[in-house]
Amino acid sequence: MKTSKTQVPDNDKLNDLAKNTVDAESEFLTTNQGLRINDDVNSLKAGERGATLLEDFQLREKITHFDHERIPERIVHARGSAAHGYFELSESMSKYTKAKFLQTPGTRTPVFTRFSTVAGSRGSTDLARDVRGFAVKFYTEEGNFDLVGNNMPVFFIQDAIKFPDLIHAVKPEPNNEIPQAASAHDTFWDFVSLTPESMHMIMWAMSDRAIPRSLRMMEGFGVHTFRFVNENNKSVFVKFHWKPVLGIHSVAWDEAQKISGKDADFHRRDLWEAIESGNFPEWNFGVQIVEEQDEFKFDFDILDPTKLIPEEIVPVQIIGKMVLNRNPENFFAETEQVAFHPGHVVSGIDFSNDPLLQGRLFSYTDTQLSRLGGPNFHEIPINRPTAPVHNNQRDGHMRQTINSGQSSYHPNTTGGGCPFQAKASEGGFVSYNERIDARKVRARSQSFFDHFSQATLFFNSQSEAEKNHIVDAFRFELGKLKVAAIRERVVGMLTKVDKNLAAKVAMGLGIGVPEPEKFLNQNFPADGNPIDFQSIDAKPELKISKALSMAGTVKDTIKTRQIAILAASGVDGDSLGAMKKALEDAGAQTKVIASHLGFIVSENGKQIKVDQSFLTAASVVFDAVYVPDGAKSAAALKDEADAIHFINEAYKHCKAIAASGAGVEFIDATDVRYKPSGENKADKNPDTNGVLINRDVKEFINAIAQHRFWEREKTGKVPA
Ligand code: HDD
C-alpha cells in the first residue's frame, strides 16, 4: 500500500534532483522515526481507566506534530489554488533575450501556477470582489523564473513604500476584524480617496474583472515593465501578458455574492475539476516590446505601474502558450509552500526602475523567512529549481541538503576553488549595465503625476453593460461606508475620470456631485504630501482601447461550460438525452437536477440518474439551463418553488435558457420573458435574448458561447 510520497514537479530532471525525497512506501503505519505502530487508537494509560502516561512518545509525537500543522498564512494572497503544467515557446525571442527557455520554438518548460485573491484569509470565499494573483514559476534549465503578476495590468500605488498602508486599509479593520475579503469599508476607501494614483486600478477593481467566472477565463499581466537583455547586452523593455484561450468572462455581482454562500470554493473547484476531466486550461503568452530609445515616446511613464501600454500602441506579440495539466498531489506541500519572488529571474530577463517593482524585490524573500520558517525554503520540493544549486550557503532551520567537504567559502583552495563563478558566456547572471547618475532623493517623477487619463481610457473602452456594472459596483462599495465625507471625496475624484460616471454614482448614493477641486486639496493630509493630483492634466491621443473590454473576447466554444437540465419523472427521455449528448459533444458538462437524488423515470419508463437535487444545486454555479419536453415533468417542476427560483435567477443573471415542448409550460410559470417561438433568425439570434424556446440545439450552443445576455438587465428585471 502506498502511504506517502514526497512530490516534486512531474519532470524527470526534477525527480532526479530531489535527492532527499522520501519514498516511504510501506505497508505499516510508523512513527516519524520509522517505528512500526501497533495501536493507533488508544493512548498509553495506567490501567484501562487510568491517567495517560507522559511516557507515551507515540501520542506526544502525533499531537505535537498536529499542534504545529499550521504556518502563518500569506499576508496578502492567502487564498489560492494552483496547478502544474508546461510553457511551450512558439516564437524565438533570441533577438531580444538570451534567456534559454525563450530561444527555440517547441521548448517546453515545466511550470507551477498559483492563482489567488488578495485581501481575504485562507478560508475566505473565492468570489470576493478583488484582484486575482496570477503567479507562474517557470522551472527553466538555467534556474527558476517567477512571473508574479495579477489579472489586472496596473496597480493601486506607484511606490512600494505605500504597500503596507494599502494592505492595512483593505484588510479587515483592526479593531473588529470586519469585513472579511471585502474592500467595501471605510478604511479602504479613505486610503483611496487620499491616493489619487489608485484611480486607474480602482476602475479595474470596480469592473467585472474583479469577479471572474473562472480562473481559466482571466487574463494575467506581469504589470511592471521588465527588461529583456540579449547576447550582445542590448536591452529592450518588455511587458508580459497571459491571454486565456477560453476568453475573458465574469459573473454578475449578485451572482458572485450568492456563489460565496452556495460554493465558496467555486474557482478552486472549477480549476481542479477542469484538470481532472482532461480539459486543461490554456493561456497564450504575449509580450509587448519597447525599444530602449522609445522609453520616453509615450504620454505616460513606462516605469509607472499605474499605467498600461495600450495594445493599440504596442501590440501584444504571442510567443507561446501555457497549459495546466496536473493538479497538485498535496495542497499544503505544493500550493501553500510555494514561494514566488519577482526577483527570481534568469539571465536575459532584468528589472526596470519601476519603484514598485524595486520594493517588491526586497519583500518576497523576507516574507518567506517567517512564513516558511527560515532561509532554506528553496529546498522545499515545490520551490527547488531543476537547475543544479551549488553555493556556500550552509545550515539554518530545516536544512535538507547534506553538504560534503571542508570548504564553504569563496575564494578557496581547499575545495579546488569550487563552486566557480560563471562568466556571462557560461550563463552567469550579469545585471544590465544601465547608466544611473543621479542625486539621492525621496521624490517621485513628475511623469508619474497623471492619475486620471488612463482611468478614463479604461472607462471609455467598456461596453455599455460593463460601464453599468462599474456604476453599480461604486454604488455598492461606497454605499457600505459609514463616513459620508469619504464617500464624497471618492465621488469627487470620479469626476476627474468621467463626469457622467460620477453623476450616476452620486445619484445612487443620494448625494450631489462634489466639486473635486474645491475640497480634495483641503482634505489632503496636511503632512506636506508632495502628490498633487492636478499637476498633470494629460490629454492622451488614444480615446478607446478595445483590448480593455471583455466584451470583445467571446469565443466560439462552450467547452467546460456547466449546463443544468431541470427535470422530474415523466420527462421526455429522448429530448433530455439528445440535448445532453449534443451539449457534451460540444464540450460542455451537464447535470440533471431534480427534486430528489437517485433516479427519475422518463415518459417511456426508463430510469434517468439524477446528479444533484434542488437542495444542493443552485443556478449561480451553472452557465445555462435546459428544460426538456414531458408534460408530467413540466407540471411537477411548476410545483417546485426551487425550480422556479432556479430559472428566475438564471434569467436575472443573463444566462442562456432553453426549453422544448411541454418544458415551455414550466418556463411560462416563471418570470422569464421570451419571444414567441417560430421566429427563427440568424445563428447568433440577438432577438431571443438568450431564451431559446423550441429552437435548434445549435442555437442554444451559440447562445451559451455568448456567455451572457446583459441586455436583459435593462428590460428583463425579475425578483430573484
Ligand atoms: Fe505582491 C504575494 C502580486 C505588489 C509583497 N504578490 C503576491 C502574490 C502575487 C503578488 C500574485 C502571491 C504569490 C503566491 O501565489 O504565492 N504583488 C503582486 C503584484 C504586485 C504586487 C502584481 C504589483 C504589481 N507585493 C507587492 C508589493 C509588495 C508585495 C509592492 C511589498 C513591497 N506580495 C508581497 C508579499 C507576498 C506577496 C508580502 C505575500 C506572500 C508572498 O509574498 O509570498 O511579499
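Here is how the numbers come out for the structure above:
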{"quantity": "Residue within the range 260-268 that is closer than 20 Å to Pro179 by Cβ, touching a strand residue (DSSP E or B) at 6+ places or on another chain (Cβ under 8 Å), not in a strand (DSSP E or B) and not basic (Lys, Arg) present", "calculated": "yes"}
{"quantity": "Candidates Val287, Val316, Val251, Val346 - the one that is touching a residue at least 24 places away in the same chain (Cβ under 8 Å) and either within 14 Å of the ligand (Cβ to nearest atom) or in contact with a Ser or Thr (Cβ under 8 Å, 6 or more places away or on another chain) (or both)", "calculated": "Val346"}
{"quantity": "Residues of the range 593-610 classified as surrounded by 15 or more Cβ atoms within 10 Å (Cβ to Cβ) and of a type outside the set (Val, Ile, Thr), total", "calculated": "4"}
{"quantity": "Matching strands (runs of 3 or more DSSP E) fully within the range 80-151 where at least 2 residues are among the β-branched types (Val, Ile, Thr) and farther than 27 Å from Ala252 by Cβ", "calculated": "108-117, 132-140"}
{"quantity": "Options Gly396, Gly359; residue that is away from the ligand (no atom under 16 Å from the Cβ) and at pLDDT 95 or above", "calculated": "Gly396"}
{"quantity": "Residue tally, condition within 19 Å of Ala264 (Cβ to Cβ) and free of Cβ contacts under 8 Å to residues at least 24 places away in the same chain, over the range 162-178", "calculated": "3"}
{"quantity": "Residue within the range 392-415 that is acidic (Asp, Glu) and touching a Lys or Arg at 6+ places or on another chain (Cβ under 9 Å) present", "calculated": "no"}
{"quantity": "Residue among Thr560, Thr590 that alone is of a type in the set (Ser, Thr, Tyr), in contact with a strand residue (DSSP E or B) (Cβ under 6 Å, 6 or more places away or on another chain) and crowded, with 19+ Cβ neighbours inside 10 Å", "calculated": "Thr590"}
{"quantity": "The listed residue being within 30 Å of His68 (Cβ to Cβ) and either at pLDDT 95 or above or within 16 Å of the ligand (Cβ to nearest atom) (or both), out of Thr335, Thr413", "calculated": "Thr335"}
{"quantity": "Qualifying residue in the range 143-161 (condition: closer than 25 Å to Thr365 by Cα, more than 16 Å from the ligand (Cβ to nearest atom) and in contact (Cβ under 8 Å) with a residue 24 or more places away in the chain)", "calculated": "yes"}
{"quantity": "Residue tally, condition touching a helix residue (DSSP H, G or I) at 6+ places or on another chain (Cβ under 7 Å), buried (at least 19 other Cβ atoms within 10 Å of the Cβ) and assigned to a loop (DSSP other than H, G, I, E, B), over the range 160-194", "calculated": "1"}
{"quantity": "Odd one out for Ala135 among (1) within 13 Å of the ligand (Cβ to nearest atom); (2) farther than 26 Å from Glu282 by Cβ", "calculated": "(2)"}
{"quantity": "Among the candidates Pro196, Pro212, residue that is within 16 Å of the ligand (Cβ to nearest atom) and under 26 Å from Leu478 (Cβ atoms)", "calculated": "Pro212"}
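Each row is one residue, and each column tells you yes or no for (1) touching a Phe, Trp or Tyr at 6+ places or on another chain (Cβ under 6 Å); (2) of a type in the set (A, V, I, L, M); (3) within 25 Å of Arg269 (Cβ to Cβ).
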{"position": "Ile558", "(1), (2), (3)": "no, yes, yes"}
{"position": "Ala567", "(1), (2), (3)": "no, yes, yes"}
{"position": "Val571", "(1), (2), (3)": "no, yes, no"}
{"position": "Ala578", "(1), (2), (3)": "no, yes, no"}
{"position": "Asp585", "(1), (2), (3)": "no, no, yes"}
{"position": "Val601", "(1), (2), (3)": "no, yes, no"}
{"position": "Ser613", "(1), (2), (3)": "no, no, yes"}
{"position": "Ser619", "(1), (2), (3)": "yes, no, yes"}
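The values are calculated or read from the model by the stated rules, or taken from the named source; none is laboratory data. Worth saying up front: this structure is predicted, and the values here are computed from it rather than measured. Ideal geometry is used to build each Cβ from the backbone, glycine not excepted, and the neighbour counts take in all protein chains shown.
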